[in-house]
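Enquirer: Here you go, one structure.
The values are calculated or read from the model by the stated rules, or taken from the named source; none is laboratory data. Computed from a predicted model, the values in this text were never measured in an experiment. Cβ sites come from the backbone with ideal geometry, for glycine too, and all protein chains shown count toward neighbours. Quick note on the areas: whole protein, heavy atoms, side chains included, nothing else; ligands and nucleic acids left out. Shrake-Rupley method; radii C 1.70, N 1.55, O 1.52, S 1.80 Å.
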Amino acid sequence: MSHAYDPKQIEPKWQSHWVEKKTFRAANPGEPGSEKPKYYVLDMFPYPSGAGLHVGHPEGYTATDVVARYKRMRGFNVLHPMGWDAFGLPAEQYAVQTGTHPRTTTASNIQIFKRQIRALGFSYDWDREVDTTDPAYYRWTQWIFLKLYEKGLAYMADVPVNWCEALGTVLANEEVIDGKSERGGHPVTRVYLRQWMLKITEYAERLLTDLDDLDWPERIKAMQRNWIGRSEGAEVLFKLGSEAAARAKAAGLSDSVTVFTTRPDTLYGATFMVLAPEHPLVEAIAAPGKKEEVLRYRKQAIDKGDLARTDLAKEKTGVATGAFAVNPVTGKESPIYIADYVLITYGTGAIMAVPAHDARDHEFARTFGIPIVEVVKGGADIQKEAFEGDGALVNSPLIDGLPVPEAKKKITAWLEEKKLGTKVVRYKLRDWLFSRQRYWGEPIPVLHVEGTKDIVPLSPDDLPLVLPDLEDFKPTGDPAGPLVKAKDWLTVEKNGKKYRRETNTMPQWAGSSWYFLRFIDPKNPKEPWSKEADQYWMPVDLYVGGAEHAVLHLLYARFWHKVFYDLGLAHTKEPFQKLFNQGLILGEDGQKMSKSRGNVVNPEKVIDEVGADALRLFELFMGPLEDTKPWSTAGVVGMRRFLERSWRLVMDEEAGTLRPAIKDEPPSEELERLLHKTVRKVTEDIEGLRFNTALSALMEFVNEVLSRPAIPRKLVETYTLLLSPFAPHLGEELWARLGHGNTLAYESWPSFDAGKTIDDQVTIAVQVSGKVRGKVQVPRDASEALVKEAALQDEGVRKYVEGKDFKKVIFVPNRILNLVV
């Protein structure tokens, strides 16, 4: 009978053992185990879709699991939780298509995901599982909203939004591609709706400056900085020309336009002005003969998304309003245009256009035949292309000859003195649009007073405000959302007054903006998390997830956390100290995995064929964690063979007992050095998240030791401990077979002696006049004379130096010898 390695027997056994014994339960503050240092390692929790996992998903989960298991063995109290980001449009759309309630499909999908994740042996503390659609969870999401409202950070406003009639909801800019919805390809138009907004802009400066203290990838920090878009400049007042001013006054509007510019030094080169099509002055100031064309263009522009409007590659379009504005430094009148590349949501919705020194303005000016006036000397032909760099100011009487930084200061001071402008800081960041016209989301816990715009927040005692159980949850195209159908739920009477509930729901981002805090205290019925839990567990020590969440999720979570900090609910300013983005795993065809391409690889199929440990190992062995790489079925089979060799290192496959070669004796000096080098390599690589090279070291160890006639037990036990974070099922089984009664999850991680990781012998490259001609092996720290003597014995070196004189000898100890002849 064969006793070969059989993951189908080993893996379910240990998965059941871990669940039964709650092996990975993290100790709460004050419990036994909480005296250890804490380590909080977190995955970006998944959206549980009906398709389940494909093999690209577990890569990040496997990485965090290796770290979690390693840290437990290093003596940490490890929090490694999992939950479900389960509200949102995809679940609702699937429900609409199939006629199944989203609550039913979500519950089913969660079970599929949980089964697949458990089959991979991840060491999650399942007692802390959260689900954003559970009223016990979203009660606290609603409570957080009330705190935001109380602090003046949640408000209602009429704002331009991307409205998709077919989906019956507002879409974020990122969900609109070429004027159509990303999901389904339905037409999207721009409309004004009264929406809930969150005042994230109030935290713009802190969100920007606090990035400096985070251990995050620089490219992610750069993306957040660009999204926030801080810029220093000046607001400048342009008086309208007499005719336009009269039309504006007749409409009850201002007779001037304020522009924001980061380049006040170029004011003398401003030859026209551009208003956003939505600017409130547009209709009033348009000359009678221009009004029809202006309004037609405005409607076309409003229907486009912001991303399409600001695309630098698109051809510049616009319409002259027939109105003029007076340049405050030259006193000359400049024509006013409207153009879709100017957004009402940035700055003041109006720009002074300086075509000589701004590429977009230059293109616009050439298209419409507007004068281009150079005011910064840069050597370029400004009639052909804009010069956007620094230089000395020209054609600018107040600031002629000054370099740009000094010119900015002087002209801004002059504007402030004349009350024509002021120094300001602006951000590209806009307030967070928080309303969604969907059923499947958290209800917003407020009441609207009938017949007024007055809002009454619910009492925290009235939470959770549970989502009504609608049978017909399909969108109707009504901007109020599907919840208007819940007639009994919709209307509330209190103290003789009639109220109407808010029928918009929260975006999917709401539940994911604080879930990491619920994980630290998930069963607390009195508060979202306790101060004790926050003090003990926060911040998250390692957060791993896809780079696609670089801006929105991470920015929203940081914003909410800063609010919690201000409210005294969190003791850290930032939630995630270290962030790591794993790369994509592509299909074997090198394309992104998708059902439509037919290149999706199901992890359950792989587990059935080679085992979960082999899948885990291959996810990490394919290349650096941050790289994008293609799947390889042959590669995962190679990992299975490595695990079989690891099994044979310990087990006699015929007898089903330990190999007779395993001896209770000390290792030789050679094997002891190999062991210490392997421990050091694996330890340092796990700390550096270099899992592929850690696995290479383990493979080299097995290949070196497997064929030895006698193998010290110490080597085998140490190897088993080193392997266990990567292949935990096999690790546990081998540990038990080696005679240990307890799980190895809390065994001490092997230590190494740095002195024993250094070889006694080193290989030194020998160059002749700068070209490598040979290599010699000598004792470490050998003298120049000894290395030179050994080099001259090498046949490859000798033939290049024979009969020649040495001009000089360059020697770097333990590295290189260069004989210059």
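Enquirer: Return yes when residue 623 is under 23 Å from the mean Cα position of the chain (by Cα), assigned to a loop (DSSP other than H, G, I, E, B), at pLDDT below 95 and not aliphatic (A, V, I, L, M) and no when it is not.
Expert: For residue 623, the condition - under 23 Å from the mean Cα position of the chain (by Cα), assigned to a loop (DSSP other than H, G, I, E, B), at pLDDT below 95 and not aliphatic (A, V, I, L, M) - is met.
Enquirer: Here's something else I'd like to know. Say whether the condition of being under 40 Å from the mean Cα position of the chain (by Cα) and over 25 Å from residue 230 (Cβ atoms) is met by at least one residue in segment 393-409.
Expert: No, there is no match, as no residue in segment 393-409 is under 40 Å from the mean Cα position of the chain (by Cα) and over 25 Å from residue 230 (Cβ atoms).
Enquirer: Here's a follow-up. Here's a check for you: in segment 230-266, which residue that is part of a loop (DSSP other than H, G, I, E, B) and hydroxyl-bearing (Ser, Thr, Tyr) is nearest to residue 430 (Cα to Cα)?
Expert: That would be 262.
Enquirer: Let me ask something else about it. Go through the residues of segment 491-510 one by one and say whether even a single one is in contact with a strand residue (DSSP E or B) (Cβ under 6 Å, 6 or more places away or on another chain) and within 16 Å of residue 134 (Cβ to Cβ).
Expert: yes
Enquirer: Might you check whether a residue that is of a type outside the set (A, V, I, L, M, F, W, C), within 48 Å of the chain's Cα centre (by Cα) and surrounded by 16 or more Cβ atoms within 10 Å (Cβ to Cβ) occurs anywhere in segment 781-788?
Expert: No, segment 781-788 contains no residue that is of a type outside the set (A, V, I, L, M, F, W, C), within 48 Å of the chain's Cα centre (by Cα) and surrounded by 16 or more Cβ atoms within 10 Å (Cβ to Cβ).
Enquirer: Please state which of the following conditions residue 527 fails to meet, knowing it meets all the rest: (1) of a type in the set (Asp, Glu); (2) surrounded by fewer than 14 Cβ atoms within 10 Å (Cβ to Cβ); (3) more than 27 Å from residue 152 (Cα to Cα).
Expert: (3)
Enquirer: Modelled with pLDDT of 95 or more, out of contact with any helix residue (DSSP H, G or I) (no Cβ under 6 Å at 6 or more places or on another chain), of a type outside the set (Ser, Thr, Tyr) and not in a helix (DSSP H, G or I): does that describe residue 322?
Expert: yes
Enquirer: A follow-up question, please. If you go through segment 410-421 one residue at a time, do you hit one that is surrounded by 23 or more Cβ atoms within 10 Å (Cβ to Cβ) and assigned to a loop (DSSP other than H, G, I, E, B)?
Expert: So far as segment 410-421 goes, no, none of its residues is surrounded by 23 or more Cβ atoms within 10 Å (Cβ to Cβ) and assigned to a loop (DSSP other than H, G, I, E, B).
Enquirer: Collect the residues in segment 112-152 that are of a type in the set (A, V, I, L, M) and either outside any loop (DSSP other than H, G, I, E, B) or within 14 Å of residue 446 (Cβ to Cβ) (or both), keeping them in residue-number order.
Expert: Hits for segment 112-152 are 112, 117, 130, 136, 144, 146, 148.
Enquirer: Quick check on this structure: which one of 191, 274 is in contact with a Phe, Trp or Tyr (Cβ under 7 Å, 6 or more places away or on another chain) and within 30 Å of residue 509 (Cα to Cα)?
Expert: 191
Enquirer: Can you confirm whether segment 501-510 contains a residue that is farther than 30 Å from residue 575 by Cα and either open to solvent by 70 Å² or more (accessible area, probe 1.4 Å) or under 32 Å from the mean Cα position of the chain (by Cα) (or both)?
Expert: Yes, segment 501-510 has at least one match.
Enquirer: Of the numbered conditions (1) open to solvent by 80 Å² or more (accessible area, probe 1.4 Å); (2) within 11 Å of residue 764 (Cβ to Cβ); (3) in contact with a strand residue (DSSP E or B) (Cβ under 6 Å, 6 or more places away or on another chain), residue 808 fails exactly one; give the number of that condition.
Expert: Residue 808 satisfies all of (1) open to solvent by 80 Å² or more (accessible area, probe 1.4 Å); (2) within 11 Å of residue 764 (Cβ to Cβ); (3) in contact with a strand residue (DSSP E or B) (Cβ under 6 Å, 6 or more places away or on another chain) except (2).
Enquirer: Which one is modelled with the highest pLDDT, of the residues in segment 345-362 that are open to solvent by 50 Å² or more (accessible area, probe 1.4 Å) and closer than 22 Å to residue 257 by Cβ?
Expert: 360
Enquirer: Out of the residues in segment 460-484 that are more than 18 Å from residue 99 (Cα to Cα) and part of a helix (DSSP H, G or I), which is most open to solvent (accessible area, probe 1.4 Å)?
Expert: Among residues in segment 460-484 that are more than 18 Å from residue 99 (Cα to Cα) and part of a helix (DSSP H, G or I), the one most open to solvent (accessible area, probe 1.4 Å) is 461.
Matching residues to (1) surrounded by 14 or more Cβ atoms within 10 Å (Cβ to Cβ); (2) among the small types (Gly, Ala, Ser); (3) touching a Ser or Thr at 6+ places or on another chain (Cβ under 8 Å); (4) on the phi > 0 side of the Ramachandran plot:
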| residue | (1), (2), (3), (4) |
| --- | --- |
| 608 | no, no, no, no |
| 615 | yes, no, no, no |
| 630 | yes, no, no, no |
| 634 | no, yes, no, no |
| 639 | yes, no, no, no |
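Enquirer: Right, here's the next one. Working only within segment 655-679, note down all residues that are under 27 Å from residue 3 (Cβ atoms) and in contact with an Asp or Glu (Cβ under 8 Å, 6 or more places away or on another chain).
Expert: Within segment 655-679, 658, 659, 660, 678 meet the criteria.
Enquirer: How about segment 203-231: which of its residues are of a type in the set (Asp, Glu) and open to solvent by 80 Å² or more (accessible area, probe 1.4 Å)?
Expert: Residues satisfying the conditions are 212, 213, 218.
A quick yes/no check of all residues on (1) within 46 Å of the chain's Cα centre (by Cα); (2) closer than 30 Å to residue 588 by Cα:
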residue: 639; (1), (2): yes, yes
residue: 643; (1), (2): yes, yes
residue: 654; (1), (2): no, no
residue: 662; (1), (2): no, no
residue: 669; (1), (2): no, no
residue: 683; (1), (2): yes, no
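Enquirer: Could you tell me which residue of segment 436-459 is surrounded by the most Cβ atoms within 10 Å (Cβ to Cβ), considering only residues that are in a loop (DSSP other than H, G, I, E, B) and within 31 Å of the chain's Cα centre (by Cα)?
Expert: 441
Enquirer: Still on this structure, please answer the following. Residues being hydroxyl-bearing (Ser, Thr, Tyr) and assigned to a loop (DSSP other than H, G, I, E, B): count how many of those fall in segment 759-788.
Expert: 2
Enquirer: Can you list the helices (runs of 4 or more DSSP H) found entirely within segment 1-109 that contain at least 1 residues being open to solvent by less than 10 Å² (accessible area, probe 1.4 Å) and touching a strand residue (DSSP E or B) at 6+ places or on another chain (Cβ under 7 Å)?
Expert: Helices (runs of 4 or more DSSP H) meeting the threshold: 58-73.
Enquirer: Would it be correct to say that residue 278 is open to solvent by 20 Å² or more (accessible area, probe 1.4 Å) and assigned to a loop (DSSP other than H, G, I, E, B)?
Expert: Yes; evaluated as a whole, the condition is true for this residue.
Enquirer: Which of the residues belonging to segment 129-163 are crowded, with 20+ Cβ neighbours inside 10 Å and more than 22 Å from residue 553 (Cβ to Cβ)?
Expert: Correct list: 163 only.
Enquirer: Does residue 305 qualify as being modelled with pLDDT under 85, farther than 20 Å from residue 359 by Cα, open to solvent by less than 50 Å² (accessible area, probe 1.4 Å) and not aliphatic (A, V, I, L, M)?
Expert: yes
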